[in-house]
Amino acid sequence: MKKTSIYDCSMLEIDKHHNEKGNISVIENDRTIPFSIERVYYLYDVPGGESRGGHAHKKLQQFVVAVSGSFDVTVDDGESRRTFTVNRPYRGVLVVPGIWRELDNFSSGSVCLVLASTEYLEDDYIRDYNSLKNIRNDFLPIYRAG
Ligand code: TYD
């Protein structure tokens with residue numbers, strides 16, 4: 001796992017083509033986002049007050065878009081946290097590997113589209129926050145030496 005930080009996570013703008021009939025937004029592999037999409041999933045009917053996520057990934061990159069409604073994406077690298085409010089269908093949050101993420105404050109009827117760089121692999125998940133911190137700390141000597 002590369003030693004990433006929350007500052008590698010960012011809000012990216014998606015193309016927006018507007019005319020009197022409405023809007024189209026387009027996401028292209030390795031152009032709009034810095035990876036190729038292998039999998040698409042979406043969260044919907046999230047009950048009020050519920051939170052999702054609560055894990056990190058070893059290799060997976062994700063791009064998270066509120067195609068409808070709004071929610072917050074909080075990213076945490078074990079040292080710092082930042083929260084992105086996602087509330088436009090033409091913006092999304094890039095979440096890189098090695099970063100704890102939590103999604104909450106879902107508005108009623110919101111739909112969270114997630115574009116993912118790999119297939120679903122349970123082995124890629126880090127579901128314990130302290131384990132993530134330990135894994136990240138294990139990499140520290142390598143980075144210091146480099
Ligand atoms: P999970 O990623 O833990 O949900 P979230 O981060 O949104 O809270 O996924 C919840 C369950 O859904 C997981 O235990 C298995 C299933 N799942 C799949 O089968 N395939 C998938 O691509 C995803 C994302 C989840």
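Just so it is clear, none of the values below were taken in a lab; they were calculated from the coordinates. Predicted model, so just to flag it, every value in this text is computed and none were measured. So basically every Cβ, Gly included, is an ideal-geometry build from the backbone, and we count neighbours across all protein chains shown.
Evaluate the relative contact order of the chain (contact order divided by residue number), counting alpha-carbon pairs under 8 angstrom at least 6 apart; express in whole percent.
33 percent
What does the charge count around THR32 come to, taking other residues whose C-beta lies under 13 Å from its C-beta (Lys +1, Arg +1, Asp -1, Glu -1)?
Neighbour charge sum, excluding THR32 itself: -1.
Return a single number: how many Lys pairs in the chain, at a sequence separation of 8 or more or on separate chains, have alpha-carbon atoms below 17 angstrom apart.
So the count of such lysine pairs works out to 8.
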